[in-house]
Structures are given as C-alpha cells and as structure tokens.
Amino acid sequence: MVPAWLTQLLQALHLSIGPELSLVLWGIILFTGIAILGQAAVIFMVLMERKVLAWLTQRKGPNRVGPWGLLQTLADGVKLLFKEDIMTTGQDKLLFTIAPAIFFLPVFVLYALIPFTDKLLAIPLPTGALFVFALSSISVVGIVLAGWASNNKYSLLGGMRSAAQAISYEIPLVLSVLAVVLYTGTMNIQEILTAQNAPFWKWFGIWLTPVSFLIFLISSIAEVNRIPFDLPEAESELVSGYNTEYTGMKFALFFLAEYAALFAMSALTVIFFFGGYYSPIGGTLCHTFGWDRAFESAVNLPGLGQLMQQFEMITWGLLKTYIFIFIAMWLRGTLPRLKPDQLMGFSWKFLIPLSLINIFMVALERQWQDTNEVVYGYLWAFVLVFGIGGFCWTMSRFFTRKLQARFQS
Amino acid sequence: MEIPGVTINRDLDTEDMVVNIGPQHPSTHGVLRLITTLNGEVVKDMEPVIGYLHRGKEKMAESRSYFQYQPTIDRVEYLSSFYDHYAFVASLESIAKLKVPKRVEYIRMITMELNRISSHLLWFGTFLLDLGATSPLFYAFREREEIFKLFEDLTGARMMYNYYRFGGVTQDIPAGWLDQVRKFIDKAPKMFDEYEAIVSKNPIILDRTVGHGLMTKDQCMEYGVTGPSLRACGIAQDLRKTNPYCVYDEVDFDVPIATRGDVYDRYIVRMAEMRESLRIIRQGLAQIPGGDTAQVNAAKKAIEDAKKRGETPEELNPDWLSMGQKVNLMVFKPPAGEAITMVESPRGFLGCYIISDGTPKAYRCKWRGASFSNLSALPSLMKGHLYPDLMAIFGSLDVILPEVDR
C-alpha cells in the first residue's frame, strides 16, 4: 500500500508516475530503510557474537574501542575497507569479483520480505514463504563460484561442500515450513503471522509443530553455515574454506552476508514459529492494555498510538530474533564440527524422513480441525507416538548400535 | 580404500587432487607439510615433509659447554621442557656419577608431572579445536595458566624453565609453593570432570573419533610409536613403571591403557593420565624429604646453632638440606664416557644420549623424540579416511614439530 503522504509528495513535485511505479518507489524506500536497519543489526550481531563467545569461554571480549567495545565492528570494517584487494594468478577475475555480490545480494533481498511490523514490510508477496527459500538458495551459488574462481584447492573443497550441504538442508528447511503452510493454507508471510496473533501457547512452534520448529532450527543453522555445520569454511581443515583467497571489502561482503543470513534465518524462525512481531499474549501490549490510547489523548497527538504500536512490534520481533541468534551463538560455543558424511547422513537419513512424517501429522491435525471428527485425533496421536516417537527412537538406537559396534571393533 | 558409508562410483572420470597441507596451516601444530592426494575428500596417499624447524640442536651441543647448552634444551620441546632437561641432566649425572639429593628428585618428579598435565591440557584444547570445538581450548588454558603460575613462582619462567642442574636444581622451592600445588591438585579433578562431561559423551565427538585412526600393536612396533598412543593400543609400556627413573619407584600409580587404539582411546588415555599425574603429585607432596621450605630453613638454622655449640654437624646433615653438589657450572667437565637416559615424556619415550670426551663440551649429543616416530605412523593411519579425519587423527597423535625437527 502506497501511503497517502508519498502520493501527495509526488503530486506536489508534479511527478505523475502511475500507481504501479509509485508502489515500486515505495518498496525501494522501505527496502532502503530496512537494509540500513539490517546493516545495523549485523554490526551489532558481530559484536554480540564476540561478546557471547567471550562469555562462554571466560574471556572479556572486545572492550577497547568505544564503551564496551561498541565501535569495534566499525573499526574492523574500516580496516577491511583499506585493506589491499589481493588477486592471485590463475583466478577467474570476473567470477572472483561477482561471487561475493551473488552471495550478498539475495540475503539482503530477504530483508525486504521480512515483516518487522504489520506495516513495515517492503514487498508483501502472496507467495512470500516460497520466495524466501528460493532466495536463500541462490546465495550458495556465490559460495560455489567463490570456491571455483579462487584457484585454491581449499576453496574448491569448501565450495563443493557448500553445494552439497545446501542441497541437503534446503529440503528439510522447506519441508518444515511446508507444515506451517499446510496448516494455515497460505504462503503469505503476513497471513501466517496473523494466524499466530494469539497467546504464546498458540504459536506454531509451541503447540502445533514443535518438530517442524526443531527441524527448521537445525536446518537454518546448516543453511547459514555455522558450527556445527560450518563445513564450507572449516577453519581447522580448509584454512578458511571458500573465502581463503578473499581480502578487503570482498571478504567483508562474505562476512556481512553470513551474519545477515543468520539474522534473516532467525527472523524467519520467529515469523513461522514464534508469532513474529506479536507480544506473548497476542496483539501488542500497549493496545491490549489501552496504553496507546491513553498516551495519545494525554499528549493530544493523533497517530502517536499507532507509532507506539509499531515500535512495540519492532521490539518484540527483534527481541525474539535475537534470542534465536543467541541460540546459534551458544551452539557455536559448545559443539564441534560434523564431518561431511555425517552431515549428509543426518539430513537425508534423519531430518527429511522426520519432516515427511511431521507433514503427515500436521495434515491430520488440519483435517481434524476442519471435520471435527475424533478419528483424526486418534490418528494424529498414533502418528505422534509411533511415527515421530518411533522414528526418533529407532534412529537413536541405530546410532547407538553403530557406535557400539565401533566401540567393540 | 573402502570406507563404510561412502561409495565411490569408479566409472566416473575423476582426477585425484594433490593438496599441499602446510607448512602454514591452522591444524598442523607448527610447520609440518603434508602432501596429500585426495580423491574427492578421501585421502589416498600422504607424505609428511619435515625439517622446516630444524635448528641443529644436536650440533649446538658440540660447540657449547654443557651449561651454555642447557637453556637451548627448553626449545627442543617447548611444551614439556622439564622432561628434556631431566633426560639431559640425568645422562650427565650418570657420566659424572653425581649423587642427587632425594629432595631434588622429588622436586623434579613433581615438576615433571605438573608439566605432563599442562602438556596434556594443551593437547586437549588443540585436539578439540581441530575437531571444530573452540571453547575447550580456553577452558584448558585456564588450568594451564595456573600450572604456569606455579612454574613461574618456582623457576621464574612460564615455559622455558632451565631449572634443573647437574646434580641438583637451581634453587630450593619458594616458601608456600607446596601448598599452592596442593591447592591446584585439589581442584583439578573437578575441572577434568567438567571437560569430560561436555566432551567424552558428546555424540558428534564420539562419531568422529570412535573407530577412526585404528592403530594395531604391530603398527606401533613397526613405527616405534610410544607414549599414550601406544598405551591406547593396549600395551602397558610406561618407562616410569617398567624402568623407573627419578623416584617413580617410590610412588604408587597406575598406567591407564585402552584396547582399540583409535582416536577416542588416545583421548581417554590422556585424560586418565592427567588424573594419575595428580595422584603422583599428591604422593610426592606427602613424601618430599624435608617438607615445606620453612621446615628446611628451620633445620638449617638448627644445624647452624649446633655448629656454634661445637657439635658435629655431620650427623645432623641429611641430604635434603642441600640442593645438590656444588658444581662449577662453567667448567663442568664430566669424565670421558657415554650415557643415555630415556624418560616417559607426555608424548612417549624421550631419550638423550651424550658422549663425553672429558672436555666441557659434549663430543656428541643425540635426542630421541617421541613425536618423530609417532608422526611417521600418520600416513599409514590416514589411508582411506576422509580429509576431516586427518585433523582428528593427526591431532590425536599429539605431535609437536620442534621435537620432530630439533
């Protein structure tokens, strides 16, 4: 929706660009704002990661540049900006240069699809949920290109691993969201969110599809190449993986995009499973308790209550997002890295079958709600116990057996 | 070449890739170069290239007096240099037939065992770093730092101690040092529990280590593998037990062994060894002749008083009062002869062979480092494993490059 003030502004400037183009213009304006917001989030996240890891490993973390090291990331960014841009012989110059951009751009376009409030959404697509994953799988092309164009064997291995990993983990990622889409019957991200406008025990991640949520969490960490799935850049094996040969701003683009992807994935986790920008009791707190109206009439400024609501939504959204970002950092500080064969095995042998069973379960649940026949409830419980439970039990037994066999060999 | 769970389509026209790992690489623990032939991610062949850190330690011994050579020994193996010093000093002592006081031997044993713990802690941290877990390194360093603090109080240095002397040590332990050691070994088991809780049962670590890098007893014999890697194969060969040196025959300890000889077993054996070291230190602290420095000083004062009264101090003069025979270090000339001392360093057998021709310089000095033999077993262990296993297997051997190249 193009806001009235933009139309008035265009009229005042005697620019008649038609409703479609002005919609595009509004999208660009919103996206620029969101991209700046996202960039700020990334800068904060880099510092947060270093502080969290420092806290997990009994260190202090950056504390020299600015208060609590707040300016550390900026200082690092400036340093990277002035670094020499090294190109070695035998590199494919074109691919080497555009690979960071190919990695970086889709991640930032993702920001345009993430609703920060019910109004702050640059591109309200009816098929948003699908488009989000289409975008996030483009960025892996950048990694593969970087690995190929670097003329470095470590980079090549990193790129190949990344391709294999992306293929393996896109599937459970999309399948887990498919459960949500199946239940809500829409791919529009905002409609999915509206379906979760309820107290927190009705958020999808808690009551409807906790299994989906767990699959999504695991796959999203694999999707953004973080420990324990950071095989493409496994620093103890591949030196730095696909970005070994990158320096200066090209490296900074990879670096930024990785964090931006982590932010986007955490935001998507919140959107699909944890009620997005809604407060834990549904809606916004200030509207539910009438604070916005009270404040608006007290200050006597129309529209202030709306603004308060918007700010509260942004706050809830970011707060929940940062909780999931923290979980990713926590995992990084705790777990060792998987091997490529384990990584593939975990996805194909465990996550994908599990998400298929889960989709079946959600379909039954939907049918149960629609028809209100209790037989679907029984079926649902049956699938829960024998499908999900039995599968997890079998797999864990299989894994234990395998280890035991190796222990005895 | 067949590994379980990985099938390779041999009809495809593929090409092997030769990856030159190192000399600069995060996981080679120094400057080791591994020319690795990879088929996909499967290691087909591997050839270690060493010598990047060769400093001619053995030749240096021939151009310096023994005392001048001593500080450079620290650099042979900088993670557990008390062992190198012990091997060197004990060889000379047996050539020169110097008598070493009991108290000195106990100090040496306590410091050596503390050094074993610090060395294993570093191994623990870097091994898990190779597996991709970053945090354990910092926790291991926390405890290692406490040991370094103890060493700093004792010798003045954190890593390059240069503390042992021919027939003794440079000086007696500082007052209260034994209590600090006692405090450390009291809380150390709790810290080891902490590590084991987060690492030993971790499914990812189990899956990456159990059954990988299997080493047979025959392989150990062929390559001369010693130390925890040997004991992980089920051979209870520990020089401290089999031919006791220092005062290891006066303390009671077990030699932890495992049976399979894989990466996980090497990990388990090292973790158990740290606890055994704590046991040895605890007994050493209880048995050290003379006890704490305050008691030693009091005894010294009593002897002084006795001398003043005109009594015979010989009877009152136990050997723990001295820190060793007075040797003129700069012109220390052992008689012509040769001797070799083998000690059980954290990495395995560490030997120092010295031929003396009666001059202040050695005629020949030969070091036998455990890392060299252990490293030579790596290519045979690696065949058919995946590339990431290289880091786990290489890390589990606990190779330290300065000791390989010397």
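Tabulated values for the structure
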item: Length gained when the stretch residue B:99-residue B:340 is fully extended (0.36 nm per residue, less Cα-Cα span); result: 85.1 nm
item: Selection from A:249, A:376, B:101 lying farthest towards where the dipole of the protein assembly as shown points positive, charges on Cβ; result: B:101
item: Chain A, relative contact order [Cα under 8 Å, separation at least 6], %; result: 18 percent
item: Calculated FRET efficiency for the pair residue A:381/residue A:26, C-beta based, R₀ 41 Å, to 0.05; result: 0.25
item: Whether region A:111-213 is rounded, prolate or oblate, judged on the alpha carbon gyration tensor where a/c under 1.5 counts as rounded; result: prolate
item: Under-5 Å amide H pairs with residue A:274, H placed in peptide plane, nonlocal only; result: A:205
item: Förster radius 22 Å - calculated FRET efficiency between residue B:328 and residue B:295 (Cβ-Cβ, nearest 0.05); result: 0.15
item: Under the span-like rule (Cα at least 20 Å along the axis, Kyte-Doolittle mean at least 0.0), DSSP H helices of chain A; result: A:18-56, A:93-113, A:128-149, A:153-184, A:248-273, A:304-334, A:352-371
item: Formal net charge of residues neighbouring residue B:134 (Cβ-Cβ distance under 13 Å; K, R +1; D, E -1); result: +1
item: Distance in nm between pseudo-label sites at residue A:397 and residue A:319 (7 Å out along the Cβ direction from Cα); result: 4.4 nm
item: Subset of A:83/B:44; A:60/B:187; B:190/B:383 violating a 32 Å alpha-carbon distance limit; result: A:83/B:44; B:190/B:383
item: Extension gain from residue A:94 to residue A:374, taking 0.36 nm per residue of separation minus the Cα-Cα distance; result: 94.6 nm
item: Distance between modelled label sites at residue B:17 and residue B:193, nm, 7 Å Cα→Cβ extension; result: 4.6 nm
item: Hz values of 3J(HN,Hα) by residue in region B:293-308 - Karplus curve (6.51, -1.76, 1.60), Gly and Pro given as x; result: 4, 4, 5, 4, 4, 4, 5, 4, 5, 4, 5, 4, 4, 5, 4, 4
item: Percentage relative contact order, region B:82-239, counting C-alpha pairs under 8 Å, at least six apart; result: 20 percent
item: Assigned charges on the beta-carbon of Lys, Arg, Asp, Glu; region A:350-409 dipole about Cα centre (debye); result: 580 debye
item: Cross-link reach list, aspartates and glutamates versus residue B:366, counting only Cα pairs under 19 Å and skipping chain neighbours closer than eight places; result: B:58, B:62, B:74, B:77, B:84, B:93, B:338, B:344, B:357, B:403, B:405
item: Highest-first arrangement of B:328-334, A:324-330, B:209-215, where packing means the average Cβ count within 10 Å; result: B:209-215, A:324-330, B:328-334
item: Most fluctuating residue given options A:266, A:16, A:347, as computed from a GNM of chain A linking Cα atoms under 10 Å; result: A:16
item: Among B:376, B:204, B:85 the positive-end extreme of the charge dipole of chain B (Cβ point charges); result: B:85
item: Chain B, relative contact order in percent, only Cα pairs under 8 angstrom and at least six apart counted; result: 27 percent
item: Inter-label distance for residue A:182 and residue B:72, nm, one decimal - labels placed 7 Å from Cα along Cα-to-Cβ; result: 7.3 nm
item: Prolate/oblate/rounded label for region A:10-142 (Cα gyration tensor, a/c 1.5); result: prolate
item: Peptide B:205-211 - average C-beta neighbours from other chains (10 Å radius); result: 6
item: Anchor residue B:301: lysines whose Cα lies under 29 Å away (excluding residues fewer than 8 positions away in-chain); result: B:99, B:102, B:183, B:326
item: Region A:75-338: C-alpha gyration tensor shape, a/c 1.5 cut-off, then a/b vs b/c; result: prolate
item: About the Cα centre, charge dipole magnitude for the protein assembly as shown (Lys/Arg +1, Asp/Glu -1 at Cβ), debye; result: 1620 debye
item: Region B:148-163 and region B:216-254: distance between their alpha carbon centers, rounded to Å; result: 27 Å
item: Per residue Cα convex hull volume in Å³ - calculated over chain B; result: 137 Å³
item: Fewest-first ranking of A:297, A:240, A:139, using other Cβ atoms within 10 Å as the exposure measure; result: A:297, A:240, A:139
item: Rg ratio (alpha-carbon, reference 2.2 N^0.38 Å) - the protein assembly as shown; result: 1.17
item: All-pairs alpha carbon distance profile, region A:1-76, 5 Å steps from 0, percent; result: 4, 14, 16, 13, 9, 7, 7, 8, 10, 7, 4, 2, 0
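Values in this text are rule-based calculations from the coordinates and carry no lab data. In this text the structure is predicted, and so the values were computed from the model without any measurement. With ideal geometry, Cβ positions are generated from the backbone for all residues, glycine too; neighbour counts draw on all protein chains shown.
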